[in-house]
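The values are calculated or read from the model by the stated rules, or taken from the named source; none is laboratory data. Please read these numbers as outputs of a predicted model, since none were measured by experiment. No Cβ is skipped: glycine too gets one built from the backbone with ideal geometry, and neighbour counts run over all protein chains shown. Just the protein is used for accessible areas: all its heavy atoms, side chains included, with ligands, DNA and RNA removed. Shrake-Rupley method; radii C 1.70, N 1.55, O 1.52, S 1.80 Å.
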Amino acid sequence: MKSPLLSLPGAVPAEAPDEGVAAHYGDLFREQRALADGSGFVDLSHRGVVTVTGPERLSWLHLLLTQHVSELPPGQATEALVLSAHGHIEHAVYLVDDGETTWMHTEPGNQEALIAYLESMKFFYRVEVADRTEEIAVVHLPAGSISEVPDGAAVRETPHGRDLFLPRADLESFAAVNGPAIGILALEALRVEAHRPRLGLETDHRTIPHELGWIGTAVHLQKGCYRGQETVARVHNLGKPPRRLVFLHLDGSEVHLPPHGTPVRLAADGEEGRQLGFVTTSARHHELGPIALALVKRNVPVDAELMAGGTAAAQEVVVEP
């Protein structure tokens, strides 16, 4: 869906997977600094919005998600995953319950597959699942923002800021009061800095939660059964994940950032060396310079100098080997 805020001065459309909103509004680093200081807002109206209503919504979702939500208090934000039978990540949802409705947002275009799965698991539970993407837009207020939340908006408040579920028709009036508008690239740079994974970028078809540090934040280890739980428990109790997320400081002399999927190798082996992983997200940070997240084999030495394509990269541990 194309945001009406793309008509704001300086707006440059974002590329996949964030088509439909602005990459930036003319000054990437100024926007990053504003966001880090708690100013402005980020238009996330391209994300999918799904609601679940009914008296059994939380107990039902508790059976399907990796997170403990059966007693989720109203207003408390959380995040959760849907796993395959083999424990691979299929969906990531960011949710809050307002006492009557569970609100969640997910990756752009992912809501249809998520809803199809949820509908297939309804059975006789008293729940209703709805795609609200066409009528509800998500906007993000950074941590420290003093912007007021419009009446009636559902709010997910986290240490990283607040996600608001607003009527899509109110986007332009919200922007007029709560600017400056900040592009998705600024939010992505701060996400990379904070080592927070994102579905479809840090994940592929065989990613398990342990590889990305999603244990604890999105996966509760003390809850009852859900699809994929056996893999989660086995890896947690008996083994190690095959790969691990790392943070990369990239050589600042390079003009171009290594895109998603760029091979990661040992610097000592050069560009013809064996591939040990791949870049998942890269960004230009207003203080740190070029940075990235990458998924590498668990046995890559934590002190090894790496190469992301042809770019030198120093690694920091995100997930312990």
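Details
- Only one of 180, 209, 159, 142 that is on the phi < 0 side of the Ramachandran plot and without any contact (Cβ under 8 Å) to a residue 60 or more places away in the chain: 159
- For the range 201-246, the candidate set comprises residues that are open to solvent by 40 Å² or more (accessible area, probe 1.4 Å) and of a type in the set (S, T, N, Q); within that set, the residue that is farthest from the chain's Cα centre (by Cα) is 237.
- Residues being part of a loop (DSSP other than H, G, I, E, B) and surrounded by 16 or more Cβ atoms within 10 Å (Cβ to Cβ) - total across the range 189-198: 4
- Answer residue from the range 162-188, given it is touching a Gly at 6+ places or on another chain (Cβ under 9 Å) and more than 24 Å from residue 15 (Cα to Cα) and is surrounded by the most Cβ atoms within 10 Å (Cβ to Cβ) among those: 178
- Condition check for residue 257: open to solvent by 20 Å² or more (accessible area, probe 1.4 Å) and under 20 Å from residue 187 (Cα atoms): yes
- The residues of the range 54-63 that are open to solvent by less than 30 Å² (accessible area, probe 1.4 Å) and within 14 Å of residue 220 (Cα to Cα), listed by number, are 61, 62.
- Of all residues in the range 79-91, those being touching a residue at least 40 places away in the same chain (Cβ under 8 Å) and not in a loop (DSSP other than H, G, I, E, B) number 7.
- Looking only at the range 79-122, and only at residues there that are surrounded by fewer than 17 Cβ atoms within 10 Å (Cβ to Cβ) and polar (S, T, N, Q), the one that is farthest from residue 204 (Cα to Cα): 120
- Strands (runs of 3 or more DSSP E) contained in the range 209-306 and holding at least 2 residues in contact with a helix residue (DSSP H, G or I) (Cβ under 6 Å, 6 or more places away or on another chain): 243-250, 277-285, 289-297
- Of all residues in the range 92-104, those satisfying the criterion of being assigned to a strand (DSSP E or B) and either farther than 19 Å from residue 59 by Cα or more than 15 Å from the chain's Cα centre (by Cα) (or both) are 96, 97, 101, 102, 103.
- Subset of the range 69-78 (residues that are surrounded by 18 or more Cβ atoms within 10 Å (Cβ to Cβ) and touching a His at 6+ places or on another chain (Cβ under 8 Å)): 69
- Screening residue 66 with (1) open to solvent by less than 10 Å² (accessible area, probe 1.4 Å); (2) under 30 Å from residue 181 (Cβ atoms) gives one miss only, at (2).
- From the options 38, 48, 20, residue that is surrounded by 22 or more Cβ atoms within 10 Å (Cβ to Cβ) and in contact (Cβ under 8 Å) with a residue 60 or more places away in the chain: 48
- Residues in the range 309-319 that are assigned to a strand (DSSP E or B) and in contact with a Leu (Cβ under 6 Å, 6 or more places away or on another chain): 311, 313, 315.
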